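Quick notes on the structure that follows.
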Amino acid sequence: MRLMKLAMATTAIMVLGTTAQAEISDGVVKIGVLNDRSGLYADLSGEGSVVAARMAVEDFGGDLKVEVLSADHQNKPDVGSSVARQWIDQDGVDVIVDVPTSSVALAVQQVTADTDTAFLNSGAATTALTNAQCAPTFVHWTYDTYALSVGTGKAVVEGGGDTWFFLTADYAFGHQLQADTAAVVEANGGTVVGSVNHPLSTTDFSSFLLQAQASGAKVIGLANAGGDTTNAIKQANSFGIVQSGQQLAALLGFITDVHALGLDVAQGLTLTTGFYWDRDDASREFAERFAEKMNGQKPTMVHAGVYSAVAHYLKAVAEIDDDGGKAAVDQMKTMPINDFFAADGKIRPDGRMVHDMYLVKVKTPDESKGPWDYYDILATIPGDEAFQPLDKSTCPLVTN
Amino acid sequence: MQELLGIPAPLLFGQLLIGLINGAFYALLSLGLAVIFGVLNVINFAHGALYMLGAFMAWLLLTYLGIGYWPALILSPLIVGAAGIVIERTMLSRLYELDHLYGLLFTFGLALIIEGTFINFYGVSGQPYAPPKMLTGGYNLGFMFLPTYRAWVIVASLLVCFGTWLLIERTRLGSYLRAAVERPDLVRAFGINVPLMMTLTYGFAVALAGFAGVLAAPIYTVSPIMGQNLIIVVFAIVVIGGLGSILGSIVTGLGIGLIEGLTRTFYPEASSTVIFVIMAIVLIIRPHGLFGRSRE
């Protein structure tokens, strides 16, 4: 009899335990913003992403209790995954946000998938996150290497730049971006004549630029990001590469990069971006509020994506009153996204958030009215064209 | 087209010349480190941060006071040198009696503080700094296009390196310095103010870092983290050349620049590692470096 009571009590506890899981764990939704806070990607993500996440929380209001944490992953996969693990195991973090640097994002993806924690990525670029490495707890929000290559690659080939040489950052992101862009170039009738891999955070690009120059390619594709891109562009300028008729294509450029280069050097570059602050009233309003908190700096697409992702996540969690990773992401997938970042955005089964991308051209110093007035929007690329078609995805969630 | 070692000759010459330019730059920075180690026995981890400070001073002078490149080339090293003198007098000089490790930890911490302060105010993306009008454009050498500014960098670096070597190895002042390193007590007995000499040496050596910073400003983006990657390479050069050896650091700086340039052509993925492989080999064969002497 006593045994029977014990068994019933245990069952009751287990039942209670499982019902307790389908609620907000610890009564608070903890958002961990994990990104580069001190290295070459700190301006395009960094503190700005934390500010954006906090703004989304403030704007959400509601009766959810929400906390925002932040940490530096130093662009190292081992650091990123151990912070993620500690956050989830010890600090009760429910969702990890941002995570630029593809190699770190892939490492964090494994941790969040194993622990049923939501992962909303804004900063990283590799399409591997929504293909072979996809997870039901994951959403890729802002951009990816495929979207960048479709925008810039196609536009440059159509403009006559049909032979390419790549300067590629030697890690997951660079290789993926080069591969995706090469596919677009070849599909549009262009050819790739060569490439060179450079280590991450290279200061002097002259040797690589000389090889690109000797290749005779019409276009030098920069498959890198942040400080690597700005250093390469600045030095290409001094080596007379553009003057001698070769064209630079920065495959991933953020508005902070343009700001660092100055318009004298950056003018005329064609870029693909998921967000430009001066596009409409809603985006300007967000940018104004963001700039007030960030010493006047306007948001990059990564910052805007973090805001949009966090806002949508909180709505979904409030709707189902559950902050489990898969449950929250499943709910997010059922709701359309309409805010200053995306119009009728939707999250596909493979975790790709589909929204319009923009092809922009950097203004000349004369055209610009002042700091941060940098882009002319040349074209809007509809979401369905910008991102890899779902039937091409190798994500097991889609193929099975 | 004529080929050497499997690549077109013009490309090879271009890579060698670029290697030499980077090498001249390395030499300038490692020289300052070598002088500080030789005279003060301090491993100056703040060198990269002070190099960054030099570049930032040039940018600040231009942005807020409208002072251009040429005055900045003099003013900025003076400011950095003065900062160095303050650091040496108020803090570093108290550590001479202690183990090397204290000086290293102190300068490392100092570098983090300086860089952190600048990141806080200016972010990491960097600031644009254009080369002076006189040095824009370039020469077509037939095998490559040489930007005028790069040519100026190699001339300026080599002149300053050679001048410093002359000063220390061939003048009376230099002989006092070298004597003070060996036997400070004896030199003091001759009525020479040794602590003052050490202060000025530190000030001069970090001014060299500031000078390199101004030279770098128009080539690289002026950013608070610009010294971080460079400082490790420069340390490796000082170790290869022999800690404290002035000639060693100049020759090794140039040599490493060349080897790095060639690696970028033949096996680019290894270009950031090759220096450390060489360092390991040199340390195994000659633990005191190529030009170093054993120090007790």
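Every number here is computed from the coordinates shown, using simple stated rules; none is lab data. None of these values were measured; they are calculated from a predicted model. Quick reminder, even Gly has a Cβ in these numbers, built from the backbone with ideal geometry, and neighbours come from all protein chains shown.
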Karplus-derived 3J(HN,Hα), 6.51/-1.76/1.60, for each residue of segment A:80-94, Hz, glycine and proline x: x, 6, 6, 5, 4, 4, 5, 4, 6, 6, 9, 9, x, 6, 9
Phi-based couplings in Hz for segment A:290-303 (Karplus 6.51, -1.76, 1.60; Gly and Pro marked x): 5, 4, 4, 8, 10, 6, x, 6, 7, x, 7, 5, 5, 4
When chain A is treated as a Gaussian network with springs between alpha carbons less than 10 Å apart, the largest mean-square fluctuation among A:Met357, A:Met294, A:Met55 is found at A:Met294
If amide hydrogens are placed 1.01 Å from N in the peptide plane, which non-local residues have theirs closer than 5 Å to the one on B:Leu141? B:Leu146
For A:Glu67, put the label point 7 Å out on the Cα→Cβ axis and report which residues of segment A:94-115 keep their amide N under 14 Å from it. A:94-95
For peptide A:35-44, compute the average count of partner chain beta-carbon atoms within 10 Å of each residue's beta-carbon. 4
Whose amide H sits under 5 Å from the amide H of A:Leu378, counting only residues 5 or more places off or on another chain, with H placed in the peptide plane? A:Leu359, A:Val360, A:Lys361
What is the local net charge at A:Glu67, summed over the other residues whose Cβ is closer than 13 Å to its Cβ (Lys, Arg +1; Asp, Glu -1)? -2
Distance in Å, no decimals, from the C-alpha centre of segment A:240-293 to the one of segment A:169-190 is 21 Å
In degrees from 0 to 90, rounded to the nearest 10, what is the angle of the helix A:325-334 Cα long axis to the longest principal axis of chain A? 70 degrees
How many angstrom separate the Cα center of segment A:381-400 from the Cα center of segment A:22-57? 27 Å
Taking the radius of gyration and the Kirkwood hydrodynamic radius from Cα positions alone, what is the Rg/Rh ratio for chain B, to two decimal places? 0.98
Only bridges with both residues in the protein assembly as shown count here: give the DSSP antiparallel percent, nearest 5. 35 percent
Which residue, A:Gly123, A:Gly27, A:Gly48, tops the fluctuation ranking in a GNM of chain A built on C-alpha contacts under 10 Å? A:Gly27
With springs connecting C-alpha atoms under 10 Å apart, model chain A as a Gaussian network and identify which of A:Thr117, A:Thr126, A:Thr191 has the largest mean-square fluctuation. A:Thr191
Residues with amide H under 5 Å from that of A:Val68, placed H, sequence gap 5 or more: A:Ile31
Per residue of A:229-235, how many C-beta atoms from partner chains lie within 10 Å of its own C-beta, taken as a mean? 4
May I ask you to compute the full-extension gain from A:Lys326 to A:Asn338, defined as 0.36 nm times their residue separation minus their alpha-carbon distance, rounded to one decimal in nm? 2.1 nm
Explain nothing, just the number: dipole magnitude of segment B:18-226 about its Cα centre with +1 on each Lys and Arg Cβ and -1 on each Asp and Glu Cβ, in debye rounded to the nearest 20. 380 debye
Straight-line reach only, C-alpha to C-alpha below 20 angstrom: list the lysines that A:Lys315 could link to, leaving out same-chain residues fewer than 8 apart. A:Lys30, A:Lys65, A:Lys326, A:Lys333, A:Lys346
May I ask for the distance between the Cα centers of segment B:224-296 and segment B:171-185, given as a whole number of Å? 27 Å
Per its Cα gyration tensor (rounded if a/c is under 1.5, else prolate when a/b beats b/c, else oblate), segment A:165-289 is best filed as prolate
What ranking of B:Phe291, A:Phe254, B:Phe266 emerges when the number of other C-beta atoms within 10 Å of each C-beta is taken as an exposure proxy, fewest first? B:Phe266, B:Phe291, A:Phe254
Nearest 10 degrees, 0 to 90: what angle lies between the long axis of helix B:172-182 and the longest principal axis of chain B (Cα atoms)? 70 degrees
